[in-house]
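To start, the structure under review is shown below, and the notes come after it.
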Amino acid sequence: EVCEEIVDSTIADISKAVSLSSKITANKGKKPAKVKIIIASQWKIDLYNTLVETKDVKKAIEAAQDKEKASKYISRFKNLMELSQKIDISATQLHASFADSIQYLKDKTGLEVEIIDEELSTSARAQQALPMRPGIEIEWK
């Protein structure tokens, strides 16, 4: 299932993030304690699907409620013609899948895990959340 693949790839991303951020001076002598997994907003899934259908940036931005956010989000995709598969899960379904997998995530990462929706997060990393690749924030202690 798609959700299982996203959970597994997120575990790999968490491992990479811990490895990279452990080298930051501010984290020297500290250990990772918690990871916040930030689920992308539904509007990002909808906008992505519009791009897959139309391959038309202008139409996608016009359809968006917040055109500035939509424009920034779309700029992350280098080649629109490579976008070929629509996302058939909602942000709510993705959140539920991560919530159902929380013990698995804890076991695999060794960290406390919190699942949060992008619109409820105060993290600067929240806006980096993508539909198929949640945002990750590591807390060090």
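The values are calculated or read from the model by the stated rules, or taken from the named source; none is laboratory data. Please read all numbers here as calculations on a predicted model, not as lab measurements. Glycine also receives a Cβ, built like all others from the backbone with ideal geometry; neighbour counts cover every protein chain displayed. We work out accessible area using only protein heavy atoms, side chains counted, and drop any ligands, DNA or RNA first. Shrake-Rupley method; radii C 1.70, N 1.55, O 1.52, S 1.80 Å.
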Can you give me the span-like helices of the chain, meaning DSSP H runs with 27 Å or more of Cα extent along the axis and Kyte-Doolittle mean at or above 0.5? 2-21
Just to confirm the filter: which trypsin sites (Lys or Arg not before Pro) across the stretch 28-118 are DSSP coil and have at most 15 other Cβ within 10 angstrom of their Cβ? Lys28, Lys30, Lys55, Arg76, Lys78, Lys86
Hey, can you find the accessible area per residue of the chain for me, probe 1.4 Å, expressed in square angstrom? 61
With DSSP loop assignment and no more than 15 other C-beta atoms within 10 Å, the chymotrypsin sites (Phe, Trp or Tyr not before Pro) in the stretch 45-104 are Phe77
Per DSSP H run of n ≥ 4, the term is -39500 (n - 2.57); total these for the chain, divide by its residue number, and report the mean residue ellipticity at 222 nm rounded to 500 deg cm²/dmol. -14000 deg cm²/dmol
Could you tell me what percent of the DSSP beta bridges with both partners in the chain are antiparallel, to the nearest 5? 55
So which lysines can Lys44 reach, going by Cα to Cα under 17 Å and dropping same-chain residues fewer than 8 places off? Lys55, Lys58, Lys59, Lys67, Lys69, Lys72, Lys78, Lys86
